[in-house]
Structures are given as structure tokens and as C-alpha cells.
Amino acid sequence: MLHQPSGAERGLSLIEVLVATAIFVTGVVALFQLFIAAHAANRAARGATGATVLAAQKMEQLRGLTWGFDAAGLPVSDTTTDTTVLPFTSAGSGLAPSPPGTLQQNTAGYADYLDQQGAWVGRGSAIPDGAVYIRRWSVEPLPTDPANAVLLQVLVTRHRDRGDADHGRVARLPDEARLATIKTRKWR
């Protein structure tokens, strides 16, 4: 004989369905929040990686400039290559010491601009149309050996208001890249 569920048993099944539905909805909401957080982290990582590649590119250009000694033992320094244009020209500042604040403001001779794909779009202190990234660098004589060593720094940021970061209170923002190295004179 078949058992007919009573009213209490039917009500209990409805409560179980409601609890199961609430648990399911809570799980879906949690997964959605996790998806949003993962997407934001992925986007930030992609931005930081792109900025790091662009910073490394400029650092290698600067490191490739002559900073050594000639055959007679005299110091040789490239202070004329213009690394703000492609291809390079001989009307620039090369490894000449940069003015103070070149990492905080766009300074002619120490800043260039790139589009979304990292292609060069301009230089100077005014940001050209199409610029997505701003690349700034500084060349500072090392205080302990200013004649033979320079500190090279490159900062890549997206084109936006950086707030306190452009006043020197913040080294870099999360999706930016800042690289530094010391270049010393080498015998040829």
C-alpha cells in the first residue's frame, strides 16, 4: 500500500527546498564575487607586466649607451644620444645628469610616450594624443663615486592623474613599474 505524506511531511519538504535554494544562491553569489576579484587581479597583473616590459626596454636603451674609458684611460660618456625618439639621434642628453624631479614630472629629454601596444607616440613635456603610457627616467651621479657611476631609474605609468605620487610622496602606484640600476664605467 502506498504511503500518503501528511501535511507536516509536505511542509518539511518545502522548508528543505528553501534551505537548499538559499545555500545554492549563497554559493553562486560567493563564486561571482570570487570571479570579480580574480578578474580585477588579472587586469592589475596584466597592467603591471606591460609597464615592467616598457620600463625594462628603456633601461636597456640607457644601459647600452657608452659609459667607460677609452684606450688612453680617459673617461668616455655618451651625453648626446637622444633616447626619446626612435631611431635614436645625436641631439639628446644620453647619460648626462637629469634635472631634479624627472620621475615626478614630464621633462624634455627624460620622458617619452607610448600607445596601448607600447609603440612610441611622442616625447617632451607635453603629452601627445594617443599616449596611454608615460615613461620617465633619471640619470643621477652616484654620490660615492660621481665621476664613474650613475644611478639609472625608469618609471612607467599610465596617462592619468597620479595624485601624491607626482609630488614625490609615493614611489609608484600598483599598476606602474619602477626599475633602478647602477651603471659603472668599464674599460673598452
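Points worth noting:
- Qualifying residue in region 159-173 (condition: assigned to a strand (DSSP E or B) and either touching a Pro at 6+ places or on another chain (Cβ under 8 Å) or not basic (Lys, Arg) (or both)): no
- Residue in region 87-124 that is farthest from the chain's Cα centre (by Cα), counting only those that are assigned to a loop (DSSP other than H, G, I, E, B) and aromatic (Phe, Trp, Tyr): Phe88
- On the stretch given as region 99-135, residues that are closer than 20 Å to Thr89 by Cβ and touching a helix residue (DSSP H, G or I) at 6+ places or on another chain (Cβ under 9 Å) total 3.
- Hits in region 50-71 (condition: exposed (fewer than 14 other Cβ atoms within 10 Å of the Cβ), at pLDDT 90 or above and either touching a strand residue (DSSP E or B) at 6+ places or on another chain (Cβ under 9 Å) or assigned to a loop (DSSP other than H, G, I, E, B) (or both)): Val53, Arg63, Gly64
- Meets criteria (within 16 Å of the chain's Cα centre (by Cα), surrounded by 15 or more Cβ atoms within 10 Å (Cβ to Cβ) and closer than 19 Å to Thr52 by Cα) for Arg160: no
- Yes/no for Ser138 being closer than 19 Å to Thr181 by Cα, of a type in the set (Ser, Thr, Tyr) and part of a strand (DSSP E or B): yes
- Tally of residues being closer than 17 Å to Ala180 by Cα, crowded, with 20+ Cβ neighbours inside 10 Å and not hydroxyl-bearing (Ser, Thr, Tyr) across region 91-133: 3
- Thr181 passes every criterion in (1) more than 17 Å from Ala56 (Cα to Cα); (2) in a strand (DSSP E or B); (3) hydroxyl-bearing (Ser, Thr, Tyr) apart from (1).
- Given (1) surrounded by 15 or more Cβ atoms within 10 Å (Cβ to Cβ); (2) at pLDDT 95 or above, index of the condition Ile182 fails: (1)
The values are calculated or read from the model by the stated rules, or taken from the named source; none is laboratory data. Just so it is clear, the model here is predicted, and its values are computed rather than measured. Here the Cβ is made from the backbone with ideal geometry for all residues, glycine too, and neighbour counts use every protein chain on show.
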